[in-house]
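**Q** For reference, the structure I am asking about is given below.
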Amino acid sequence: MGSIILVTGGAGFIGSHIVDRLLLEGYSVRVLDNFSSGRLENIRHHRGGVEVLNADLKDFEASVKAVSGVEAVFHFAANPEVRVSTINPEIHFNENIVATFNLLEAMRKAGVKQLIFASSSSVYGEPDGIPVDESAPLRPVSVYGASKAACESLIHAYSRLYGIRAAALRYANVVGPRLRHGVVYDFIIKLMKQPGLLEVLGDGTQVRSYIHVSDAVEATITVWRNLKEGFEAYNVGSEDWVDVNEIAGIVTSAMGLRDVKYAYKPVLHGVGWLGDVKRIALAIDRLKGLGFHPKMNSRQALTEAAKSIIQELRGELNPL
């Protein structure tokens, strides 16, 4: 096997797909996950081919152990639920900022010089127009987005001070197999319970860009292979966008449902919750400059994701 790569949050949604890809390319992979949202089922198919640390980056000694002997770090450990920050903002402070600081300190002490960080389009908040590029101001409107922006600032400082080659990937909404949060999963769960009625958080006109996890992984590996000295940020998304009503239609169609009634639950200016944004989509010219082009647009990604998640959930409900 090749060099050891650490994937924090490697039992989570995107992280587990990164693990799949790294193993396919011949790397030895170490996963650190506290399993608060990650699932062992996501990496169990590797049958012991992955070193798994059931540990937490909030524990500095665990961070030190995790980075020992590794060549590069893919940092995907975080609490992925944006809505949590409205009720329990300390969760995102601890799970994102404290955890990232401990990881950076451990990397500094161990001399690890490569870092890929899973940031988010939420760092932009409510942009003046879409699509937004990486030069736009960071004005998050959720504690989740603020925590990701704070992590980027920490990484930038450590890059300048200690020579860590780092990239922050500002992901749009990533969807696909193993997804267990977000609007697609939420809609599927609601419709499984009540097929004739769908509760929609917001007024249905919120605009988002979506990218399939297979494209997101390809983009991530492309950025890693092109890491430069210092720190760089990259938007990761598709080149179109859809509104929530379209997503509801895609999900109901994938489930074979007709005549579903929508019950809207808007707050403020039609968003779904405090900290939600009305319109966000990303310009990916910088990423395309590295040779990356998404294979699916938002609608294709949503359709494929809905089908795979429905199949997974039905399999869990009706195991062989």
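**Q** Return yes when LEU198 is farther than 20 Å from ASN34 by Cβ, crowded, with 19+ Cβ neighbours inside 10 Å and assigned by TED's automatic domain parsing to the domain that holds VAL271 and no when it is not.
**A** yes
**Q** Still on this structure, please answer the following. Restricting to strands (runs of 3 or more DSSP E) lying wholly in the stretch 209-295: which have 3 or more residues that are over 20 Å from TYR171 (Cβ atoms)?
**A** The qualifying strands (runs of 3 or more DSSP E) are 261-265.
**Q** Would the stretch 205-216 turn up any residue that is more than 22 Å from ALA281 (Cα to Cα), outside the structural domain of LEU257 (by TED's automatic domain parsing) and out of contact with any strand residue (DSSP E or B) (no Cβ under 6 Å at 6 or more places or on another chain)? Write out each step before concluding.
**A** Applying the first criterion (more than 22 Å from ALA281 (Cα to Cα)) to the stretch 205-216 yields none.
Looking through the stretch 205-216, none of the residues is more than 22 Å from ALA281 (Cα to Cα), outside the structural domain of LEU257 (by TED's automatic domain parsing) and out of contact with any strand residue (DSSP E or B) (no Cβ under 6 Å at 6 or more places or on another chain).
**Q** Return a yes/no flag: does the stretch 178-189 have any residue that is part of a helix (DSSP H, G or I), in contact with a Leu (Cβ under 6 Å, 6 or more places away or on another chain) and of a type in the set (Ser, Thr, Tyr).
**A** Yes: the stretch 178-189 contains one or more residues that are part of a helix (DSSP H, G or I), in contact with a Leu (Cβ under 6 Å, 6 or more places away or on another chain) and of a type in the set (Ser, Thr, Tyr).
**Q** Does at least one position in the stretch 19-26 carry a residue that is closer than 18 Å to ASN96 by Cβ, in the same structural domain as LEU115 (by TED's automatic domain parsing) and in contact with a strand residue (DSSP E or B) (Cβ under 7 Å, 6 or more places away or on another chain)?
**A** no
**Q** Same structure, new question: In the stretch 40-49, how many are surrounded by 20 or more Cβ atoms within 10 Å (Cβ to Cβ) and assigned to a loop (DSSP other than H, G, I, E, B)?
**A** Narrowing the stretch 40-49 to residues surrounded by 20 or more Cβ atoms within 10 Å (Cβ to Cβ): 42-43.
Checking the rest, the ones that are also assigned to a loop (DSSP other than H, G, I, E, B) come to 43.
Residues meeting the conditions: 1.
**Q** Taking the stated definitions as given, is TYR158 at pLDDT below 95, assigned to a helix (DSSP H, G or I) and either in contact with a Gly (Cβ under 9 Å, 6 or more places away or on another chain) or farther than 24 Å from TRP241 by Cβ (or both)? Steps first, answer last, please.
**A** Values: at pLDDT below 95: no; assigned to a helix (DSSP H, G or I): yes; either in contact with a Gly (Cβ under 9 Å, 6 or more places away or on another chain) or farther than 24 Å from TRP241 by Cβ (or both): yes.
No: the conditions fail for TYR158.
**Q** Could you check the stretch 1-40 and list, in sequence order, the residues that are free of Cβ contacts under 8 Å to residues at least 40 places away in the same chain and farther than 17 Å from SER214 by Cβ?
**A** MET1, GLY2, GLY26, TYR27, SER28, VAL29, VAL31, PHE35, GLY38, LEU40
**Q** Restricted to the stretch 4-39, and to residues that are within 16 Å of the chain's Cα centre (by Cα) and of a type in the set (Ser, Thr, Tyr), which residue is surrounded by the fewest Cβ atoms within 10 Å (Cβ to Cβ)?
**A** Ranking the qualifying residues of the stretch 4-39, first place goes to SER36.
The values are calculated or read from the model by the stated rules, or taken from the named source; none is laboratory data. What you see is a predicted model, and the numbers here were worked out from it, not measured in a lab. When we count neighbours, we look across all protein chains shown, and the Cβ atoms used for this are built from the backbone with ideal geometry, even at glycine.
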